[in-house]
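K.L.:
Shown below is the structure under consideration.
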Amino acid sequence: MARIPIRIIPDPVLRQKAQPVAAVDKRIAQFMNDMLETMYVGNGIGLAANQVGSLERLITIDLSEERTGSKAILMANPVITWKADDTFTYKEGCLSIPDQYADVTRPQRIRLSYIDQHNKPQELEADDLLSQCIQHEIDHLDGVLFVDYLSALKRKMIVRKVEKAQRERDDGKIL
Ligand code: NI
């Protein structure tokens, strides 16, 4: 597996819509493994392809304690087929919006279909944090970020902080 650089806001790829893949072939299965490795290194529980510069509808998720890959969920072309009316609120962060967190409310339970890393169609019902995480990652594939659910003021504050930190990182040298 290989680590891929993570795109940070305001990288335009984070605002683009990813396209479905025709099938999960060897290249895509390998790419999903690379995404998983990248997600583990970044201590994220989810990652979407846009975040590593690809516009294919691929996401990786692992909510397990061990994070060895054995419990990871690798999805291509995930589609939500049902959403509960009940909602769930969780403090979300994002590898593309470093060090910023905010409460986001989403449907508490969802059903979805996707294609797994072996190119097999799968269905899944998810609730609570898993539901929240899948919705956050599918949003990425549509160019949507968790800050879009916040007030304009709060969103601007977060974006400004991240852009300032980026500029300082670009200007600075670690000695
Ligand atoms: Ni994210």
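Only the coordinates and a few stated rules stand behind these numbers; no lab work does. Note that the coordinates shown come from a computational prediction; the quantities given were computed from them, not determined experimentally. Neighbour counts are summed over all protein chains in view; Cβ atoms, including those assigned to glycine, are modelled from backbone coordinates with ideal geometry.
K.L.:
Among the residues of the stretch 147-175, what is the count of those that are out of contact with any Cys (no Cβ under 9 Å at 6 or more places or on another chain), in contact (Cβ under 8 Å) with a residue 24 or more places away in the chain and of a type outside the set (Ser, Thr, Tyr)?
P.N.:
Residues meeting the conditions: 9.
K.L.:
While we're on this one: Being among the hydroxyl-bearing types (Ser, Thr, Tyr) and in contact (Cβ under 8 Å) with a residue 60 or more places away in the chain: is that true of Ser96 here?
P.N.:
On the way: among the hydroxyl-bearing types (Ser, Thr, Tyr): yes; in contact (Cβ under 8 Å) with a residue 60 or more places away in the chain: yes.
Yes: the conditions hold for Ser96.
K.L.:
How do the pairs read when you match residues in the stretch 66-89 that are touching a residue at least 24 places away in the same chain (Cβ under 8 Å) with residues anywhere that are β-branched (Val, Ile, Thr) and outside any strand (DSSP E or B), using Cβ under 6 Å and keeping only pairs 6 or more apart or on different chains?
P.N.:
Sorted first by the residue in the stretch 66-89, then by its partner, the pairs are Ala76/Val21; Ala76/Val24; Pro78/Ile138.
K.L.:
Suppose we filter the stretch 1-18 for residues that are surrounded by 13 or more Cβ atoms within 10 Å (Cβ to Cβ) and under 18 Å from His140 (Cα atoms); how many remain?
P.N.:
11
K.L.:
A follow-up question, please. Taking the stretch 95-149, which residues are within 16 Å of the ligand (Cβ to nearest atom), surrounded by fewer than 21 Cβ atoms within 10 Å (Cβ to Cβ), more than 30 Å from Glu168 (Cβ to Cβ) and of a type in the set (S, T, N, Q)?
P.N.:
Correct list: empty.
K.L.:
If I ask for residues that are loosely packed, with under 12 Cβ neighbours inside 10 Å and part of a loop (DSSP other than H, G, I, E, B), which ones from the stretch 65-89 would you list?
P.N.:
Selection gives Glu65, Glu66, Thr68, Ser70, Asp85, Asp86.
K.L.:
Right, here's the next one. Restricting to the stretch 90-106, what's the tally of residues that are over 17 Å from His140 (Cβ atoms) and either not β-branched (Val, Ile, Thr) or not in a strand (DSSP E or B) (or both)? Write out each step before concluding.
P.N.:
Initial filter on the stretch 90-106 (over 17 Å from His140 (Cβ atoms)): 91, 99, 103, 105.
Then keep just the ones that are either not β-branched (Val, Ile, Thr) or not in a strand (DSSP E or B) (or both); that gives 91, 99, 103.
Residues meeting the conditions: 3.
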